[in-house]
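Note sheet for the following structure.
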Amino acid sequence: MPVFVGRTTTSAKAKAITVKVGVMTMDDEDKAEWKVISKYAKKHGNVTIKYVQFTDYSQPNKALANGNIDLNAFQDYAFLDNWNKENHGNIKAIARTTLNPIRLYTKKGYKSVKELPKGVQIAIPN
């Protein structure tokens, strides 16, 4: 579950803030997870989260570096380190989050992971 950094308060008088979070295009399952996070942020910090969806992995870090979004949640440490090197960036990880875009896909017709035969090979991105 993602962790959002910010003011946590139980006071109803806390100043409401809106945070733009860059994410990759969300399916219904992703939307359900982020809905829970949005409710938590609103209840415990008076934070409204506006999700900005991207369709290309090169976009969220650029948007963050340019100030168009406040946070993003889409990458692993290796991707971030590589992006910073290639773009002379200084984006820092501040919390763990979900890594939703990665799924298992097959052309063999398996309906669940339990159906995979022993010794099956699975490709994992670097």
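Scanning region 38-61 for residues that are in contact (Cβ under 8 Å) with a residue 24 or more places away in the chain and under 26 Å from ILE124 (Cβ atoms) yields GLN53, PHE54, THR55, TYR57, GLN59, PRO60, ASN61. Considering only region 6-26, how many residues are of a type in the set (Val, Ile, Thr), modelled with pLDDT under 90 and more than 30 Å from ARG103 (Cα to Cα)? Here the count works out to 3. Of the listed requirements (1) modelled with pLDDT of 95 or more; (2) on the phi > 0 side of the Ramachandran plot; (3) not aromatic (Phe, Trp, Tyr), VAL52 misses just one: (2).
The values are calculated or read from the model by the stated rules, or taken from the named source; none is laboratory data. Worth saying up front: this structure is predicted, and the values here are computed from it rather than measured. Here the Cβ is made from the backbone with ideal geometry for all residues, glycine too, and neighbour counts use every protein chain on show.
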